[in-house]
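Notes to accompany the following structure.
None of the figures in this text is laboratory data; all of them are computed from the coordinates on show. All of these numbers come straight from a predicted model, not from anything done at the bench. Note that each Cβ is placed from the backbone with ideal geometry, even for glycine, and that neighbours are counted across all protein chains shown.
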Amino acid sequence: MMPFMNFLDAGKFVQSIKYGCELNGLAAGPPRAPLQALDGEEKARFQAIVAETPAHRSPASSRHEISVPHLDRPASPSAPQPSQPDHTR
């Protein structure tokens, strides 16, 4: 994990997280100015570090196995619904 943490701590944390999201199919968009996206060499290094990270290689780390209980099941009809503000006044 330390090579990955060192890469994130090298000064391009936001860009690295956004690129990691993109690698996993999540559209994160470009970083806001004045930040610049990772260049080709940085992207290649990021991918190499992630590929060598033990947690990434473990089948248990698959993003498809992550469970968010309140999002994984439909709301029950008896569950309290969030109140909506009354804008009719």
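Annotations for the structure displayed:
- By the compact-protein rule of thumb, 2.2 N^0.38 Å, the alpha-carbon radius of gyration of region 1-60 corresponds to a ratio of 1.12.
- For region 1-45, the list of trypsin sites (Lys or Arg not before Pro) that fall in a loop by DSSP and count at most 10 other C-beta atoms within 10 angstrom reads 32.
- HN-Hα J in Hz across region 16-31 - Karplus 6.51, -1.76, 1.60, θ = phi - 60°, x for Gly and Pro: 5, 5, 4, 5, x, 4, 4, 4, 9, x, 9, 6, 9, x, x, x
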